[in-house]
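Each remark here refers to the structure printed beneath this line.
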């Protein structure tokens with residue numbers, strides 16, 4: 001693991017030289033990833049931090065490589081961390097806020113640590129953070145672990161210090177906020193003044209859209225009065241595209257059929273079915289014992305439960321493959337087994353017989369009557385299950401356990417103990433329960449994919465290329481797609497950090513093209529996404545800030561239509577008797593609904609989310625009927641049927657409620673202050689140029 005860390009450091013060093021030399025060739029902006037508060041975030045600085053994070057993750061998880069998803073998560077984490085450092089760390093430094101070594105030591109001792117430290121240094125028996133484990137980790141001076149431990153701790157300490165500085169910064173903001181006694185008393189009264197109401201609602205959906213006429217001036221008025229509602233935090237882009245599917249031809253299908261027919265006889269006669277499948281099939285053998293009805297092809301499913309081992313059927317088509325199925329075995333097995341185990345792990349430098357001898361000793365102890373779970377908690381090397389008395393729960397045939405371990409569990413009788421040796425060591429297994437055994441079949445599938453040939457791919461690519469070459473102007477893209485009889489697909493509202501677009505594998509490449517200042521000016525060249533050939537056009541660019549009316553006209557129109565529907569219903573009610581909910585319900589042929597326990601702190605009434613309407617309901621006196629109220633989706637008339645006034649608040653409640661309100665205020669202050677800082681930071685995010 002140390003070698004990996006060193007290798008990554010060397011890579012960063014070499015990359016740094018490359019980037020530094022490249023500045024003079026391409027210009028420094030070539031490697032700018034973005035800006036925060038006018039400060040540039042360079043690709044080099046960003047990748048140094050990414051490499052540090054990757055090395056840290058590899059060391060604490062004991063992995064030599066990281067998945068693509070994990071790498072994406074790391075890059076996102078680093079980006080957010082660099083933003084936090086700029087908007088919080090810089091301001092904290094100006095104010096002289098820092099975290100001393102003594103503070104960090106106290107945090108470690110008292111458990112006021114980051115979530116990462118809490119998880120890494122948890123007691124395996126209790127799952128709780130244990131500062132003594134931290135001390136043990138730091139005092140480990142073994143040659144083989146010293147460098148790696150130091151790297152990990154340096155990273156954790158840096159995070160802990162940054163976390164402490166941020167906490168002190170936001171605590172400083174929160175300390176300037178207080179909750180007065182009057183506020184506590186008012187909140188208590190609002191919360192404990194309870195109303196029960198009945199009401200009639202007249203939904204806007206009762207009015208047809210065509211009954212409403214909306215003028216351009218009304219749209220503009222609504223837009224101008226509500227501009228803040230249409231503010232974008234980031235630039236978005238709308239993309240239209242067409243896809244040319246690369247589908248196997250009949251000739252391709254025949255080619256795959258010839259291959260599987262050529263293998264069928266050997267498959268039927270071989271004594272090494274699994275090895276044959278793994279060497280000849282496009283899909284490796286899966287050791288599954290199928291229940292009746294679980295094989296995807298109904299004919300094959302029926303035949304396998306009616307025949308004897310050695311029976312062969314096919315070829316047939318299933319899921320894009322030609323398949324030949326061979327019945328390997330018939331077994332009577334339970335669906336699941338409830339088991340626990342004790343692992344005696346192999347130790348580095350020890351002969352495997354040492355583990356075997358220890359397992360034999362433990363078996364002797366178990367025969368003496370000691371509780372299996374208690375022994376597992378004390379001696380098992382599988383810390384994950386040891387904390388739960390070695391319990392593995394119900395194991396199914398499909399669980400991803402080592403085959404020999406799983407086989408041993410299913411082969412052991414209920415209440416019995418057995419042992420099995422795996423690559424991890426010697427397992428002592430106790431089976432506590434089993435479901436009723438039933439007939440299952442083990443089937444091997446020889447599978448040859450029906451895939452497009454190079455000739456088929458070239459034909460599809462030629463068709464897509466022809467369309468792209470003849471359609472360079474974005475303004476003519478839709479017309480050209482329709483003329484060619486192609487289905488026009490839409491990817492609206494893309495941001496530079498969009499990660500997934502339905503139907504597009506490797507969506508990041510699609511997004512990177514869409515946000516490329518030069519390439520996206522015209523219709524794209526053919527883009528290949530795992531055999532799906534795409535030609536695209538950016539049809540809308542919506543800058544950060546207040547969206548122009550042209551971009552959100554349909555949304556504005558919907559809001560204005562809803563508003564005018566409310567006005568129409570209110571006008572219609574002018575001739576109705578609205579002094580009684582029951583009388584109104586009879587006039588408009590709508591049911592009377594009820595809602596209880598309504599207060600000024602409620603946000604719902606009868607399952608309807610409309611805080612403004614609920615506030616009116618909570619404010620009514622007993623038996624009072626409201627005027628018609630236009631809500632978000634309906635017009636309401638509400639009558640209070642019972643009101644329970646608030647009792648005077650007790651001194652003990654004043655202190656308790658004040659503390660709760662203060663905590664809530666402090667929490668919101670931190671969140672809202674950070675969001676305000678982010679908004680003022682003028683963040684420019686150009687990561688799409690690189691990832």
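No value in this document is a laboratory result; all are computed from the given coordinates. Treat the numbers as computed from the prediction; the structure is a model and nothing was measured. Methodologically, a virtual Cβ is constructed for each residue, glycine included, from the backbone with ideal geometry; neighbour enumeration extends over all protein chains shown.
Here are the numbers for the structure shown:
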read-out	value
Whole-number percent relative contact order across the chain, with pairs defined as alpha carbons under 8 Å at least 6 apart	23
At R0 = 51 Å, FRET efficiency that the Cβ-Cβ distance of residue 676 and residue 454 yields, to 0.05	0.35
Cα centroid separation, region 118-139 to region 506-550 (Å)	49
Order by protection proxy (mean Cβ within 10 Å, highest first), peptides 33-39, 550-556, 48-54	48-54, 33-39, 550-556
Centre separation in Å (Cα based) which lies between region 285-300 and region 302-380	20
Degrees between helix 549-573 axis and first principal axis of the chain (Cα, 0 to 90, nearest 10)	60
Counting all C-alpha pairs of region 336-435, share separated by more than 23 Å (%)	18
Amide N of region 584-604 lying under 13 Å from the label point, which is placed 7 angstrom from the Cα of residue 196 along Cα→Cβ	594-598
Between region 616-662 and region 210-231, the Cα center-to-center distance that results, in Å	33
Global form of the chain, assessed from the alpha-carbon gyration tensor, a/c cut-off 1.5	rounded
Translational diffusion coefficient (Stokes-Einstein; Kirkwood radius from C-alpha pairs) of region 561-649 at 10 °C, 1.306 mPa s, in µm²/s	115
Inter-site label distance for residue 306 and residue 225 at 7 Å from Cα along Cβ, in nm	7.4
Fraction of antiparallel bridges per DSSP, the chain only, in percent to nearest 5	100
